[in-house]
Amino acid sequence: MEGAETAIEVNLSCSFCTEVLRDPKTLQCLHNFCSTCLQKYLDSSTRDKRRVSGIACPTCRQETQVADPSRPVSQWVNQLRTNCSIRNTIEEGLHTPANKDCDICRDDDRAVPAELQCSTCQLTFCQSCHRVHRRIPTCKKHTVRRIATSPPLKHECYNININLKKNASSSQRKKMSMRVRNEIKSKIDVICHRGMENIKQKKEKLTEDTNAVIDEVFEKFHTSYPVPANAEIDYSSSEDSGEEDSEKVDVTIKLSSKVETFINSSYEASLASARTTFDFKEADDPRLPPPDSDISGIETIEVLVNMDDLEDSESDEEDEMEELSPRHLSTTDGKTEDEDDPWIKSILVMNSCDMETIIVTDNNNSCVKSFYTDEGGDHHSRLQLPGKPWGLTELKYEKIAVTSPEQKAIYTIRVKPELEMQREIKVGKKLFSVATVDADAVVACAQEERPPALYIINMKGTILKTIARFRNRNLLESPTCIAMSPRGDYVVAEQRGKIMSITKEGIPGTEVDTELQQPLQWITCSSDGKVFIVDKESNKVVWVREGKDNMTVLSEEHDILFPKCVCLYRGAMFVVEQRGTIQKFQLTTET
């Protein structure tokens, strides 16, 4: 029972409320949400818009059309079909077969059939024992469900159906192939999205294997239906054109449920298979034959994936790594003319106009600064803000986002590398450290909220998701800094000296105690997954190695004085000291 509930909570939970999906609605991109959560999001995101054409997915922004867009927006979600398969899976998975005995009676050597189960205590009860259970003051708020008999869970295949023109030109066939690959990739993304940890390599391997299958599909297609000689000159038409064409072939590519098992499997088996089938059938045939039939024209390809290649272990290169050796390169004074001593809260280094540009937020002087060097020498730019800035992160198109807890706002700024204000986005929350989620959204720490939370916010100021609780418990205590890991997880520094990883779905992962004697204020991740923290009182920058001893990268030996924050850029480490200076070190690996 515990495993079933855990799997359902992890894989079938709404990204808004983080609870198990209620009345699940599936958008065209295959992301699922509770109907009430989706409607609340739709109402808030369309409140200031005069014209809305569809429902934009909160996760990937792909738009889903509704059957009757002329009806009020408040009725759009009800027009979407309820995903009965997911709903039935949840309802069935939250119950166990009715042949279990009461756990309390069994302790007394009595075999009494259980009728109820407490998901909090993980105990089963008969009616008599349940009455005693609910009288206990501490158990009154426990969730108790009735046990029901449920059939085995069934998993349907993920199908991609397309039409291929027999007389298509080479350019059209390339477009067909790309379309199939994109469809397959989107399905794999959905499956991989449910995985808990360490699925990046699995996803790449599975995509590689399915691409090999697609190559065989189109090789068979080219062999069966060669490119017509007169089709080569047709470059303007598309396989999606609406012109009539009776000479078509229906192709169905199926990713069986074994694929999902492969993605989420443990490493007990040394070999797993992702079985992919594809069918060629004339388009005028009313229906395709089943994938396991012996009708000619159907081919099955077994894709064998060696799990030994995907072991969740660190690379030999990292295991042999002994230390990171820093070499001092330069020093930048973070104080500009005619201002008080700077109190730098965050640092970012980026490429702007082909120049290495250092950007910092100066809380004491309520400004953002950039420092860069060109042929004319060293330069800086200073942009005054309405409120005191805190966190900053890089966006697309040489832009940055800066948080201001005092103003409860996010500022977007263009970096040329001179700084140019673009817009102020009011969010209504005190946001501190911030990181980039994707091209149009950021995630920020709200440590003063109750409970403390992470907010995922788009560039219109809409809160897309709140990550605060998991399984009825607060996830965070006092998040001080956030960074993104290479695989897309949120790495959060807690003031109490611990580091926590959280998936985009809001599921807690590993937790590491840094054993600092003072509050942990800063954390950053390298492109290869290394986590670095600042130990201000000990004048150190430390590499936190999970499962291994921490490694000091910078210390007093390198003339570091009270480091506050660091960032990494193209193999170099930039360290901000309390006095406002910015030290640059080149990091080299020594084994």
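Could we say that K430 is surrounded by 23 or more Cβ atoms within 10 Å (Cβ to Cβ), within 26 Å of T18 (Cβ to Cβ) and of a type outside the set (D, E) here? When the stated conditions are applied, K430 does not pass them.
Do we find a residue being within 27 Å of D528 (Cβ to Cβ), of a type in the set (A, V, I, L, M, F, W, C) and in contact (Cβ under 8 Å) with a residue 60 or more places away in the chain anywhere in region 461-476? Yes, the conditions are met somewhere in region 461-476. Can we say L116 is modelled with pLDDT under 75, open to solvent by less than 40 Å² (accessible area, probe 1.4 Å) and either hydrophobic (A, V, I, L, M, F, W, C) or in contact with a helix residue (DSSP H, G or I) (Cβ under 8 Å, 6 or more places away or on another chain) (or both)? In short, no. None of T466, T480 is at pLDDT below 95, assigned to a strand (DSSP E or B) and open to solvent by 40 Å² or more (accessible area, probe 1.4 Å) except T466.
For region 91-100, the count of residues that are over 27 Å from N458 (Cβ atoms) and either of a type in the set (A, V, I, L, M) or modelled with pLDDT of 75 or more (or both) is nonzero.
Exactly one residue among Q407, Q422 is part of a loop (DSSP other than H, G, I, E, B), polar (S, T, N, Q) and open to solvent by 10 Å² or more (accessible area, probe 1.4 Å), and that residue is Q407. In this structure, is K460 under 13 Å from I507 (Cβ atoms) and of a type in the set (D, E, K, R)? No: the conditions fail for K460.
Condition first: part of a loop (DSSP other than H, G, I, E, B) and small (G, A, S). Now tell me which residues in region 450-463 satisfy that. Correct list: G461 only. Of all residues in region 435-455, how many are closer than 26 Å to N351 by Cβ and open to solvent by 10 Å² or more (accessible area, probe 1.4 Å)? Count: 5. Each residue in region 318-344 was checked for being in contact with a Pro (Cβ under 7 Å, 6 or more places away or on another chain) and either in a strand (DSSP E or B) or open to solvent by less than 30 Å² (accessible area, probe 1.4 Å) (or both), and 1 of them qualify. In this structure, does V360 turn out to be aliphatic (A, V, I, L, M), touching a residue at least 60 places away in the same chain (Cβ under 8 Å) and open to solvent by less than 30 Å² (accessible area, probe 1.4 Å)? In short, yes. Being modelled with pLDDT of 75 or more and open to solvent by 20 Å² or more (accessible area, probe 1.4 Å) is a property that does not hold for N198. Can you report the number of residues in region 563-577 which are at pLDDT below 90 and either within 29 Å of D340 (Cα to Cα) or open to solvent by 70 Å² or more (accessible area, probe 1.4 Å) (or both)? Final tally of qualifying residues: 1. Here the condition is being open to solvent by less than 20 Å² (accessible area, probe 1.4 Å), over 20 Å from G571 (Cβ atoms), of a type in the set (A, V, I, L, M) and over 18 Å from the mean Cα position of the chain (by Cα); of L516, L520, it holds for L520 alone.
Condition check ((1) open to solvent by 20 Å² or more (accessible area, probe 1.4 Å); (2) within 26 Å of V492 (Cβ to Cβ); (3) in a strand (DSSP E or B)) across all residues:
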{"site": "M350", "(1), (2), (3)": "no, yes, yes"}
{"site": "S370", "(1), (2), (3)": "no, no, yes"}
{"site": "T373", "(1), (2), (3)": "yes, no, yes"}
{"site": "T393", "(1), (2), (3)": "no, yes, yes"}
{"site": "I400", "(1), (2), (3)": "no, yes, yes"}
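Exactly one residue among D549, D513 is at negative phi and out of contact with any strand residue (DSSP E or B) (no Cβ under 8 Å at 6 or more places or on another chain), and that residue is D549. Residues that are within 25 Å of M459 (Cβ to Cβ), out of contact with any His (no Cβ under 7 Å at 6 or more places or on another chain), open to solvent by 60 Å² or more (accessible area, probe 1.4 Å) and at pLDDT 80 or above are absent from region 32-39 altogether.
Pairs are defined by a Cβ separation below 7 Å, a sequence spacing of at least 6 or placement on different chains, a first member in region 566-591 that is on the phi > 0 side of the Ramachandran plot, and a second member that is of a type in the set (A, V, I, L, M); the pairs so defined are G571/L587; G580/I344.
The values are calculated or read from the model by the stated rules, or taken from the named source; none is laboratory data. Model, not experiment: these values are computed from the prediction. Cβ coordinates were reconstructed from backbone atoms using ideal geometry, including for glycine residues, and neighbour counts include every protein chain displayed. Heavy atoms of the whole protein, side chains included, go into the accessibility calculation; ligands, DNA and RNA do not. Shrake-Rupley method; radii C 1.70, N 1.55, O 1.52, S 1.80 Å.
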